[in-house]
Amino acid sequence: MSNDVLIRAEGLCKYFKVSGGRTLHAVENVTLDIRRGETMGLVGESGCGKSTLGRTMMGIYRPTKGKLIYDGKELDLHSKKDRFHFAKKAQIVFQDPYASLDSRMTVGSIIEEGMVIHKMYDAKERQERVARLLDIVGLNREHANRFPHEFSGGQRQRIGIARALAIQPEFIVCDEPISALDVSIQAQVINLLRRLQEEMGLTYLFIAHDLNIVKYISDRIAVMYLGSVVELASSDELYSHTLHPYSKALLSAVPIPDPDKEAQKTRQIISGDVPSPINKPKGCAFCTRCPVACEQCHQSVPPLQEVRPGHYVACHLVQPGQA
Ligand SMILES: Nc1ncnc2c1ncn2[C@@H]1O[C@H](COP(=O)(O)OP(=O)(O)O)[C@@H](O)[C@H]1O
Ligand SMILES: [Mg+2]
């Protein structure tokens, strides 16, 4: 593994036990490297396992199978010490800025909490840091004494970002951080995240279902379907040489800003519903909805393989050298 990789998931699986003794396969065999300082976009329909993968990669969930390698070292996720240490490196910004901040705590104590847990700084330094963090995310120092309900959605998301930054993490999972915000506010929060990344050298896993946004912010993008990564490439490559039938359908649903081009575009509608992650199809997970599926697709799971330089696809019909 080259040392520009900050975090690597290797064969990562996360299953949940659900009613009737059944098992829900939320994340299935995901291998993914995220490089230092990069933004890895993660897209896919609702329920495909994006949040579960994000939470497993930052240690909120313990994987059912597979490994996490951080800074070249495999994490022992059963060791409390390793988990605590990792918790200081990895943070999350949640989708819903209304639900994710404790309404009984002041903004200052919300931002300070992680520093207290990790025994960072003395009380006076923590107060100073809270004030600095409020400056950094574009709020006022006086806001430290107020409560979350006094703020708008965009301001709350800034508080959530300040909280994530407080313990100086290296890796941040941004789980649809702007989906719940007004369109007019979305760009401000995205620009803030980009600026912070540059200034602090942060590494992001940026989850979204809006493909326009991931394209803008991501260096590389992973497309997920029913728990697995089906395509992975740099943003430009993914948009200019889309190869997986599912990614093609997902991208064809994104409006093109040019009305002439938009009118000429052929829209691919994927038929059928996403199968249940409790009862996944045999073979390729996408075979039940794929317009080009053949016999082999119903028999065996296609591996994710490099078909063009840096471009990985899991599809029996897209082979190296032919793409
Ligand atoms: N704590 C949980 N217990 C049981 N099932 C869960 C849990 N969290 C997520 N799931 C299920 O796992 C699948 C993936 O969910 P999620 O990771 O939230 O998807 P996404 O973020 O892409 O919308 C869904 O079928 C969801 O219902
Ligand atoms: Mg989610």
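Just so you know, all these numbers are worked out from the coordinates, no wet-lab data involved. Model, not experiment: these values are computed from the prediction. Ideal geometry is used to build each Cβ from the backbone, glycine not excepted, and the neighbour counts take in all protein chains shown.
Given +1 at the Cβ of Lys and Arg, -1 at the Cβ of Asp and Glu and no other charges, the dipole of the chain around its Cα centre is 900 debye to the nearest 20. Hey, could you grab the Kirkwood Rh for the chain? Inverse mean 1/r over distinct alpha carbon pairs, Å, one decimal. Roughly 20.9 Å, rounded to one decimal.
On the beta carbon distance between residue 195 and residue 60, with R0 = 25 Å, the FRET formula returns roughly 0.45.
Stretched out straight at 0.36 nm per residue, the stretch from residue 212 to residue 150 would grow longer than its current Cα-Cα span by 19.2 nm. Placing dummy labels 7 Å off each Cα toward the beta-carbon, the span from residue 99 to residue 240 is 4.0 nm.
Applying 1/(1 + (r/R0)^6) with R0 = 22 Å to the Cβ-Cβ distance of residue 118 and residue 76 gives a FRET efficiency near 0.70. Applying 0.36 nm per residue to the separation of residue 88 and residue 22 and subtracting their alpha-carbon distance, the gain on full extension is 20.3 nm.
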